[in-house]
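Report on the structure given below.
The values are calculated or read from the model by the stated rules, or taken from the named source; none is laboratory data. From a predicted model like this one, the values you see are computed outputs, not experimental measurements. Here Cβ is always computed from backbone atoms with ideal geometry, including for glycine, and neighbour counts include all displayed protein chains. Ligands, DNA and RNA are excluded from the accessible area calculation, which covers all protein heavy atoms including side chains. Shrake-Rupley method; radii C 1.70, N 1.55, O 1.52, S 1.80 Å.
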Amino acid sequence: MKSVVIEQPGELVLAERAVPTPAAGEVRVRVKYASICGSDVHIWHGHNPFARYPRVIGHEFFGVIDAVGAGVDASRIGERVAVDPVVSCGHCYPCSVGRPNVCTTLSVIGVHRDGGFSDYAVAPASNAYALPATIPDKLASLVEPFTIAANITAFLQPQPQDVALIYGAGPMGLTAIQVLKGVYNVAQVLVVDRLPERLALAKANGADGVFNNAEVPLAAQLEGVQPTLIIDAACHPAILAEAAALASPAARIGLLGFSGEPSSITQQSLTSKELSLFTSRLNSHRFPQVIAWMEQGLIQPEKLVTHYFPLDDIERAMTLFEKDPRTCCKVILQMQ
Ligand SMILES: [Zn+2]
Ligand SMILES: [Zn+2]
């Protein structure tokens, strides 16, 4: 089988590998489509502290179960599945309180173990979620990116009367817009980014207002509007302080960034308005929720997709995704 392997930081190869055998409790998935995420690019360039090499990357993928390991019901063979990349132990403290995404022995498919940019991938059977026929193959790898938005909004508890502000109109920001509008019916969703093309995408994904802060600071453009719910999907360490300054009293702020750089902020700027700060990593059992949202038509994954490439064009696809944020949003790989 063909697999996209990062042999070591900076070295991406399309390798010929043996088809894996599912271990006990696992399924093997014949991968059909997989989407590229920023973290795949980070692993390629050696910027993901968790990655071990060599590694088959890819954590957003869809396929059909074609073999099962011991203890897995063989009737699952032939099932169309989206695979949750979060592999957890099930019994540590975070797992015991429903937070497997921060399991003390967390293993992420495509990061800590081999992933889905491959003709075949193996995963625990409980990580493979059956999809209804209403979700087409071509869009099914996009369940995972929407689980990021599902996870942070579960903390933020959006309300229709919220004035939401989203930093960043990349894939994370766009999925957040769709979830705030389509699932939670938030009246006002505002988005800030520095690329006009991305802001146009934000509008197409349902944003009510967009701001370009490339030259004029956001504070000067908001004209006194105080957001009650803020999501940082741009993930720059300087954003937290600005978000706290702009927020309404009693607002909630959600952080998705993973920078190792300090964020400088005063206690007063948080406490004086009694702001709530939430962080969110990956997803905790959000696949069923997102699958239901797609099935009910509450979110529109097709609005994120700009490109399809065959797996053979992986280097071109990854480079385009990385270098061309003006024309590129979700790039989906098709396996043969
Ligand atoms: Zn991702
Ligand atoms: Zn655990």
Is one or more of the residues making up segment 241-252 more than 20 Å from GLU144 (Cα to Cα) and of a type in the set (Ser, Thr, Tyr)?
yes
### Message
Considering only segment 125-142, I want to know if a residue exists there that is closer than 24 Å to HIS307 by Cβ, surrounded by 22 or more Cβ atoms within 10 Å (Cβ to Cβ), assigned by TED's automatic domain parsing to the domain that holds THR306 and within 16 Å of ligand 1 (Cβ to nearest atom).
### Response
no
* To do: Please verify whether segment 72-84 includes one or more residues that are within 16 Å of ligand 1 (Cβ to nearest atom), in the same structural domain as GLY38 (by TED's automatic domain parsing) and in a strand (DSSP E or B).
  => yes
Restricted to segment 13-41 and to residues being buried (at least 20 other Cβ atoms within 10 Å of the Cβ) and among the hydrophobic types (A, V, I, L, M, F, W, C), the residue farthest from LEU174 (Cα to Cα) is VAL27
Exactly one of LYS203, LYS181 is basic (Lys, Arg), open to solvent by 10 Å² or more (accessible area, probe 1.4 Å) and farther than 27 Å from ASP84 by Cβ, and that residue is LYS203
When SER259 is run through (1) in contact with a His (Cβ under 9 Å, 6 or more places away or on another chain); (2) modelled with pLDDT of 95 or more, the failure sits at (2)
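Would you kindly identify the strands (runs of 3 or more DSSP E) lying entirely within segment 231-329 that contain at least 3 residues that are in contact (Cβ under 8 Å) with a residue 12 or more places away in the chain and open to solvent by less than 40 Å² (accessible area, probe 1.4 Å)?
Working: elements: 252-255, 276-279, 305-310.
Strands (runs of 3 or more DSSP E) meeting the threshold: 252-255.
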Exactly one of ILE57, ILE65 is touching a Gly at 6+ places or on another chain (Cβ under 6 Å), hydrophobic (A, V, I, L, M, F, W, C) and open to solvent by less than 10 Å² (accessible area, probe 1.4 Å), and that residue is ILE57
Going through (1) out of contact with any Lys or Arg (no Cβ under 9 Å at 6 or more places or on another chain); (2) not basic (Lys, Arg); (3) not in a strand (DSSP E or B) one by one, PHE146 fails only at (1)
Residues of segment 172-189 being out of contact with any Asp or Glu (no Cβ under 9 Å at 6 or more places or on another chain), part of a loop (DSSP other than H, G, I, E, B) and among the β-branched types (Val, Ile, Thr), in sequence order, are VAL183
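Of all residues in segment 72-95, how many are hydroxyl-bearing (Ser, Thr, Tyr) and either within 16 Å of ligand 2 (Cβ to nearest atom) or in contact with a strand residue (DSSP E or B) (Cβ under 7 Å, 6 or more places away or on another chain) (or both)?
Residues of segment 72-95 hydroxyl-bearing (Ser, Thr, Tyr): 75, 88, 93.
Okay, now just the ones that are also either within 16 Å of ligand 2 (Cβ to nearest atom) or in contact with a strand residue (DSSP E or B) (Cβ under 7 Å, 6 or more places away or on another chain) (or both), so 88, 93.
Of the residues in that region, 2 qualify.
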Discussion item. Here is a check on your reading of the model: is MET335 within 30 Å of GLU16 (Cα to Cα), in contact (Cβ under 8 Å) with a residue 12 or more places away in the chain and either under 16 Å from the mean Cα position of the chain (by Cα) or surrounded by 14 or more Cβ atoms within 10 Å (Cβ to Cβ) (or both)?
Written reply: yes
The residue that is least open to solvent (accessible area, probe 1.4 Å), considering only those in segment 68-81 that are more than 13 Å from TYR129 (Cα to Cα) and of a type outside the set (Ser, Thr, Tyr), is GLY69
